[in-house]
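Taken together, the values in this text are just the output of simple stated rules run on the coordinates, not laboratory data. These figures come from a predicted structure and were not determined experimentally. We place every Cβ from the backbone using ideal geometry, glycine too, and count neighbours over all the protein chains shown.
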Amino acid sequence: MSRVTSEPLVLGIETSCDETGVGIVRGHTLLADAVASSVEEHARFGGVVPEVASRAHLEAMVPTLERACADAGIALGDVDAIAVTAGPGLAGALLVGVAAAKALAISLGKPLYGVNHLAAHVAVDQLEHGPLPDPCLAMLVSGGHSSLLRVDDVTSSVTALGATIDDAAGEAFDKVARLLGLPFPGGPHIDRVARGGNAVSIDFPRGLSSRRDLERHRFDFSFSGLKTAVARWVEAREASGEPVPVADVAAAFQEAVVDVLTRKAIDAAVDQGIEDILIGGGVAANSRLRLLAEERASARGLRVRVPRPGLCTDNGAMVAALGSEMVARGRVPSALDLPADSSMPVTHVLS
Amino acid sequence: MLLAFDTATPHVTVALHDGQRVVAQYASSESMRHGEMLAPGIADVLARAGANSWDITAVAVGVGPGPFTGLRVGLVTARTMALALDVPVYGVCSLDILAAAAIDAGLTDFKVATDARRKEVYLASYAEGRRIDGPVVVKPAEAATTETVVGHGALLYPDSFPNVAGPEHPSAAVLAELVVAERFELLDPDPLYLRRPDAVVAHAPKKVS
Ligand SMILES: [Zn+2]
């Protein structure tokens, strides 16, 4: 017990998109994960409006900090270190979180760690499933990103193996949901509707999966062609005057996405000689993705780790988790002139 | 001690006031880098005054109007420091900071204009030491006047504002003195945006999750 309480108390701030997140961890123990979302303000635009998100972050910051401290049963003065998403993300949104983190660091006289959002999506799993195996293969799939990463040390060594060359997986979910008259964000609605549909009723294309594509883009993704194929199929159906089988389209589309994602993740793991696959990001909440990944991985003798859905979407706990690891591994804190870097590369874990 | 700063222009200005006088000041060397320069500026004034964060008994911040991104850096910093230090935070209209300096320089009836970009200015009118109109966001031609106009916005549009006087940018030293003396209305630390957000959806590569 004394060992646990001696572990550092780390507060993490996340504002890279439309969620204002404040998480508090002690070591690998999650104490609080407060999130305020502006998603409803963006819904009518069908995507995130940066200025609306930035304004919402400013308004949500102090209440979210207060809620996180109350949930964790701590005072801000108890915090040993501050971590914040320095990038990548929306520039103006990131800046609100970075400025708040610096204000805490100055006020409390505690070290500041400006960290990479994608690495934080990986680190968060430690809160649920314990220390990360080194190395592990991380697949991050969300509304803005689809990446395959080799993670040798989440605080210092992350290598990009592949990424989307056009739309992100989550973005394809949003666009297809819109086409089918389902609300934004589309992921959870497609997942729900697809359960009543027949996934093999329509054969949608698998992006970058042909032999020629695999030569150049073995671990990359493309979802733009799939999105167009769904749009054409639905239009043709409507033009012929027949009703659109929404559940079947949703199921077949979802199957095409998760088929490619799981196949490439497993191929990458096997290629790299890695036995542990971690899936993170908002799309990791998709039930079919979780199921298929586990099925296919166990068939190859691989293990799959997926944080619970609440930890997959953007939150402050993931940033606190990575900050905690930075402290534990003795990484050098960031300077007070730490910039927000909207296009921070994934190889750059700490600023 | 009162910590004061303003980020409603391309510059960052920070001052520390001990109740009697301004004991340290900081002005950013580069423009449009609020996010990078404000925190080091605060650390700098504290260090030069030989003070610590727990010596701060109140925070004052310019609430704009001004370019949104920089403005938010100042406001979130002020609100968060006030929370962490458990001290009060006061907002002041950033145009009032320029007006206070202009009044100290001997002006009585004048306007203040700062750059609102998009070929517009933020404008307020002052008479007998107080704000009587504004702030508003307007096109310079629509607000053209031969009256004395203070601020960088006047310098940008000489055809509309031929009579320019006083300081170009707000100073946190003036802000600190203004708050200590309560010369202008003290506000909540809420941003004066004066414009609705542009409803342009982020394009995909920028959104990360
Ligand atoms: Zn994310």
Per-residue average of other protein chain Cβ atoms inside 10 Å, peptide A:101-113 -> 6
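222 nm [θ] for the protein assembly as shown, helices only, -39500 (n - 2.57) per DSSP H run of 4+, per residue, to 500? Don't skip to the answer; put the middle values down first.
On the way: 19 runs with 221 residues, N = 560.
After summing the helix terms and dividing by residue count, I get -12000 deg cm²/dmol.
Using the number of other C-beta atoms within 10 angstrom as an exposure proxy, rank A:277, A:74, B:132 with the fewest first.
B:132, A:74, A:277
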Taking B:115, A:337, B:6 and counting other beta carbon atoms within 10 angstrom, the fewest-first order is A:337, B:115, B:6
Result: in chain A the number of Lys pairs with C-alpha under 28 Å apart, spaced 8 or more or on different chains, is 4
From the Cα centre of the range B:65-94 to that of the range A:106-171, the distance in Å is 31
Counting Lys and Arg as +1 and Asp and Glu as -1 over every other residue whose Cβ sits under 12 Å from the Cβ of residue A:135, the net charge comes to -4
The helix A:287-299 Cα axis meets the longest alpha-carbon principal axis of chain A at an angle in degrees, between 0 and 90 and rounded to 10, of 90
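Only bridges with both residues in the range B:95-165 count here: give the DSSP antiparallel percent, nearest 5.
75
For the pair residue A:80 and residue A:298, what calculated FRET efficiency results from E = 1/(1 + (r/R0)^6), where r is the Cβ-Cβ distance and R0 = 60 Å, to the nearest 0.05? Don't skip to the answer; put the middle values down first.
On the way: r = 40 Å, r/R0 = 0.66.
With R0 = 60 Å, the Cβ-Cβ based efficiency is 0.90.
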Partner shielding of A:333-340, as the mean number of partner chain Cβ atoms within 10 Å, equals 4
Helix A:316-328: inclination vs chain A longest Cα principal axis, degrees, rounded to 10, gives 50
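Once the piece of chain linking residue A:263 and residue A:332 is laid out straight, how much longer is it, given 0.36 nm per residue of separation minus the C-alpha distance between them?
21.1 nm
Give the percent of DSSP beta bridges with both residues in the protein assembly as shown that are antiparallel, rounded to the nearest 5.
Working: 50 of 79 bridges.
Counting DSSP beta bridges with both partners in the protein assembly as shown, the antiparallel share is about 65 percent.
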For residue A:219, the net charge from surrounding residues (Cβ-Cβ under 9 Å; K, R +1; D, E -1) works out to -1
If each part is reduced to its alpha-carbon centroid, the range A:267-291 and the range B:110-153 end up apart, in Å, by 58
Once both label points are put 7 Å beyond Cα along the C-beta direction, the residue A:211-residue A:238 separation in nm becomes 3.9
Everything considered on the Cα gyration tensor (a ≥ b ≥ c; rounded for a/c under 1.5, else prolate if a/b is larger than b/c, else oblate), chain B must be described as oblate
Per-residue average of other protein chain Cβ atoms inside 10 Å, peptide B:61-74 -> 3
Note on the range A:44-169: alpha-carbon gyration tensor, axes a ≥ b ≥ c; rule is a/c under 1.5 for rounded, else prolate if a/b larger than b/c, else oblate; result oblate
Heads up, the range B:66-150 by the C-alpha gyration tensor (a ≥ b ≥ c square roots of eigenvalues; a/c under 1.5 rounded, else a/b over b/c prolate, else oblate) looks oblate
